[in-house]
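*Asks:* Encoded as structure tokens, here's the structure I'll be asking about.
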Amino acid sequence: MKKLETLLYKILFFACFLLGALAVLERALNFLGYTLLRGYYAPFRLLEFSAVGLLFVIVLQLRQIQLSLNSKGAK
């Protein structure tokens, strides 16, 4: 189960960074007059989604660290 959780954290972490990179690319293309997303999402909105996902990953990682420290202290 821990391996599955770790894999999920890594996938979500990289997905958030890809979403952030997409937001930067979209903003640069908008500056040049082009678009990738055709106005469905604004670049700032994509950065918001990325930040929320990263916050979720950070909270889950801190929870995992806390559980690990608690189990070591109980032994």
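The values are calculated or read from the model by the stated rules, or taken from the named source; none is laboratory data. All figures in this text were calculated on a predicted structure; none of them were measured in a lab. Quick reminder, even Gly has a Cβ in these numbers, built from the backbone with ideal geometry, and neighbours come from all protein chains shown.
*Asks:* Just for the stretch 39-75: of the residues that are in a helix (DSSP H, G or I) and basic (Lys, Arg), which one is nearest to residue 11 (Cα to Cα)? Spell out how you get there, then give the answer.
*Replies:* If we filter the stretch 39-75 for residues that are in a helix (DSSP H, G or I), which is where we start, we get 43-74.
Filter once more, keeping what is basic (Lys, Arg): 45, 63, 72.
On the way: 45: 20, 63: 18, 72: 27 Å.
Checking each candidate, the answer is 63.
*Asks:* Could you check, for the stretch 31-38, whether at least one of its residues is over 17 Å from residue 64 (Cβ atoms), of a type in the set (D, E, K, R) and not in a helix (DSSP H, G or I)? Spell out how you get there, then give the answer.
*Replies:* Of the residues in the stretch 31-38, the ones over 17 Å from residue 64 (Cβ atoms) are 31-38.
Then keep just the ones that are of a type in the set (D, E, K, R); that gives 38.
This time we only want the ones that are not in a helix (DSSP H, G or I), so: 38.
Checked against the condition, which is being over 17 Å from residue 64 (Cβ atoms), of a type in the set (D, E, K, R) and not in a helix (DSSP H, G or I), the stretch 31-38 yields at least one hit.
*Asks:* Picking from 15, 28, 42, which residue would you name as being small (Gly, Ala, Ser), modelled with pLDDT of 90 or more and closer than 21 Å to residue 57 by Cβ?
*Replies:* Testing whether each residue is small (Gly, Ala, Ser), modelled with pLDDT of 90 or more and closer than 21 Å to residue 57 by Cβ leaves just 15.
*Asks:* Need pairs with beta-carbon distance below 9 Å; first residue under 13 Å from residue 22 (Cβ atoms) and within the stretch 35-63, second outside any loop (DSSP other than H, G, I, E, B) and aromatic (Phe, Trp, Tyr); sequence gap 6+ or separate chains.
*Replies:* 41/49; 50/17; 53/13
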